[in-house]
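Trainee: Supplied in structure tokens, the structure appears directly below.
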Amino acid sequence: MGRKCRMRSICEERWIAMVAFVAVSSSASLLVACPYRSMFSFGDSLADTGNLYLSSHPPTDHCFFPPYGQTFFHHVSGRCSDGRLIIDFIAESLGLPLVKPYFGGWNVEEGANFAVIGATALDYSFFQDRGISIPTNYSLTIQLNWFKELLTALCNSSTNCHEIVENSLFLMGEIGGNDFNYLFFQQKSIAEIKSYVPYVINAIASAINELIGLGARTLMVPGNLPIGCSVIYLTIYETIDKTQYDQFGCLKWLNEFGEYYNHKLQSELDKLRVFHPRANIIYADYYNAALPLYRDPTKFGFTDLKICCGMGGPYNFNKLTNCGNPSVIACDDPSKHIGWDGVHLTEAAYRFIAKGLIKGPYSLPQFSTLCFRNVSFGYFNS
């Protein structure tokens, strides 16, 4: 029996314990908070609906040029995909409007999205003090400060601001992935990267504690995706050593890191639930919601690991010529691809992940169906 089996047993025990906990103590508080009135979101490019786009003059990120946005919005929307993101599908499932970016003229009673492309959980100074270069100054702390500024404005203009916050869903990311991405892309050792895991998790936990102190009651906290199946990682760490790949073409050691981080994050969330028994802290298992797409792509209508918008190489990806470059032509049908641009996924893939979180088994504790206005989830099939 190896480490994986032990980790699986721990995970199974946690799932059983949490299901029992929810049934006994959390269902009542969930019912009080449903349906959610609004959403507030923090994170990076997996959740940014336009903040970096609206704050960049002129916009320079490759996500800000066609064919980004072509599938659903039919124009560039500031999202790093061909269409909607997980946050958009969650909003739709709640019967809420798509969450507007903080820099986009939000309505305080509808919530706001503070996520920024490239953002990290840790502050810029953390990396600077360690001699690590990162291309962003947007951190979870900065996003949290924006929320506090919004909250001040909300409470000055509305007498029921605390009720709005209590009845809102807070989406905590995904955040933290870039903290590791920047290190992996610089090919730091796995030992060094693992040493930063506690710092990242502490930053996320601190933000959760602060939000609960400000009135938040329901928080969804995503884990990391299976980065060993990500085309940019498969390209950077390509090797002739076939033993490093699993039978689905993903790099095993990178996915093992994702499992390691997610396990540590879930352990921290378990502690937070003890400290905050009146809050609903939901783990969103992005990793296992996405993994089936890579293991059996044809079952979900996808082809293989090749991305839709790229050029060259075994995965249709070139690090030097990104999607958004005029010389790069997107595929005819993004819905047949898991990957969009080598880093981000297609709307079709995000739809399946969101469905797994909302309707399937990949949230812990599982959402009550009473929390969703669109109970038929028909749009997932559209």
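The values are calculated or read from the model by the stated rules, or taken from the named source; none is laboratory data. These numbers come from a predicted model, not from an experiment. All Cβ positions, even for glycine, are placed from backbone atoms using ideal geometry, and neighbour counts span all protein chains on display. We work out accessible area using only protein heavy atoms, side chains counted, and drop any ligands, DNA or RNA first. Shrake-Rupley method; radii C 1.70, N 1.55, O 1.52, S 1.80 Å.
Trainee: Read through the list (1) within 25 Å of Gly339 (Cα to Cα); (2) assigned to a helix (DSSP H, G or I), then give the number of the only condition that Ser81 fails.
Mentor: Looking at each condition in turn, Ser81 falls short on (2).
Trainee: Inside the stretch 270-301, can you point out the residues that are hydrophobic (A, V, I, L, M, F, W, C) and more than 16 Å from the chain's Cα centre (by Cα)? Full working, then the answer.
Mentor: Step one: list which residues in the stretch 270-301 are hydrophobic (A, V, I, L, M, F, W, C), which gives 272, 274-275, 279, 281-282, 284, 289-291, 293, 300.
Those that are hydrophobic (A, V, I, L, M, F, W, C) and more than 16 Å from the chain's Cα centre (by Cα): Leu272, Val274, Phe275, Ala279, Leu293, Phe300.
Trainee: Among the residues of the stretch 320-330, is there at least one that is buried (at least 21 other Cβ atoms within 10 Å of the Cβ) and out of contact with any Cys (no Cβ under 8 Å at 6 or more places or on another chain)?
Mentor: Checking the stretch 320-330: not a single residue is buried (at least 21 other Cβ atoms within 10 Å of the Cβ) and out of contact with any Cys (no Cβ under 8 Å at 6 or more places or on another chain).
Trainee: Go through Asn262, Asn322 for me and flag whichever is in contact (Cβ under 8 Å) with a residue 24 or more places away in the chain, touching an Asp or Glu at 6+ places or on another chain (Cβ under 8 Å) and closer than 21 Å to Pro361 by Cα.
Mentor: Going through Asn262, Asn322 in turn, the sole match is Asn262.
Trainee: Restricting to the stretch 60-69, give me the number of residues that are under 17 Å from Val343 (Cβ atoms), assigned to a loop (DSSP other than H, G, I, E, B) and open to solvent by 20 Å² or more (accessible area, probe 1.4 Å). Show your work before the answer.
Mentor: So the first thing to find is which residues in the stretch 60-69 are under 17 Å from Val343 (Cβ atoms), and the list is 60-65, 67-69.
With assigned to a loop (DSSP other than H, G, I, E, B) added as a condition, the list becomes 60-61, 65, 67-69.
With open to solvent by 20 Å² or more (accessible area, probe 1.4 Å) added as a condition, the list becomes 60-61, 65, 67.
Qualifying residue count, the stretch 60-69: 4.
Trainee: In the stretch 223-238, which residues are of a type outside the set (A, V, I, L, M), in a helix (DSSP H, G or I) and buried (at least 21 other Cβ atoms within 10 Å of the Cβ)?
Mentor: Gly228, Cys229, Tyr233
Trainee: Out of all the residues in the stretch 355-367, is one or more more than 30 Å from Arg273 (Cβ to Cβ), under 22 Å from the mean Cα position of the chain (by Cα) and assigned to a loop (DSSP other than H, G, I, E, B)?
Mentor: no
Trainee: Still on this model: Being outside any strand (DSSP E or B), of a type outside the set (Phe, Trp, Tyr), open to solvent by 10 Å² or more (accessible area, probe 1.4 Å) and in contact with a Phe, Trp or Tyr (Cβ under 6 Å, 6 or more places away or on another chain) narrows it down to one residue among Asn178, Asn137, Asn145; which is it?
Mentor: Unique residue meeting the criteria: Asn137.
Trainee: Anything in the stretch 84-111 that is in contact (Cβ under 8 Å) with a residue 60 or more places away in the chain and farther than 23 Å from Thr346 by Cα? List them, or say none.
Mentor: Listed by number, the residues that qualify are Glu109, Glu110, Gly111.
Trainee: Give the stretch 97-134 a look and list any residue that's surrounded by fewer than 15 Cβ atoms within 10 Å (Cβ to Cβ) and among the polar types (S, T, N, Q), or say none.
Mentor: Asn107, Ser125, Gln128, Ser133 - these are the residues of the stretch 97-134 that are surrounded by fewer than 15 Cβ atoms within 10 Å (Cβ to Cβ) and among the polar types (S, T, N, Q).
Trainee: What are the pairs, 6+ residues apart or on separate chains, where a residue within the stretch 239-257 that is open to solvent by 60 Å² or more (accessible area, probe 1.4 Å) has its Cβ under 8 Å from a residue that is of a type in the set (Val, Ile, Thr)?
Mentor: Trp253/Ile190
Trainee: Now a separate question. Consider Leu291 carefully, then state whether it is of a type outside the set (Phe, Trp, Tyr) and open to solvent by less than 30 Å² (accessible area, probe 1.4 Å).
Mentor: yes
Trainee: Here is a further query. Residues Asn167, Asn113, Asn137, Asn107: which one is in contact with a helix residue (DSSP H, G or I) (Cβ under 7 Å, 6 or more places away or on another chain) and over 19 Å from Ala207 (Cβ atoms)?
Mentor: Result: Asn167 is the single residue among Asn167, Asn113, Asn137, Asn107 that is in contact with a helix residue (DSSP H, G or I) (Cβ under 7 Å, 6 or more places away or on another chain) and over 19 Å from Ala207 (Cβ atoms).
Trainee: Report yes if some residue within the stretch 88-96 is of a type in the set (Ser, Thr, Tyr) and surrounded by fewer than 21 Cβ atoms within 10 Å (Cβ to Cβ); otherwise report no.
Mentor: No, because not a single residue in the stretch 88-96 is of a type in the set (Ser, Thr, Tyr) and surrounded by fewer than 21 Cβ atoms within 10 Å (Cβ to Cβ).
Trainee: Return the pair list, or none, for Cβ contacts closer than 8 Å from residues in the stretch 212-228 that are closer than 13 Å to Pro365 by Cα to residues that are open to solvent by 10 Å² or more (accessible area, probe 1.4 Å) and β-branched (Val, Ile, Thr), at least 6 apart or on different chains.
Mentor: Here the result reads Leu219/Ile212, each pair linking the stretch 212-228 to a residue that is open to solvent by 10 Å² or more (accessible area, probe 1.4 Å) and β-branched (Val, Ile, Thr).
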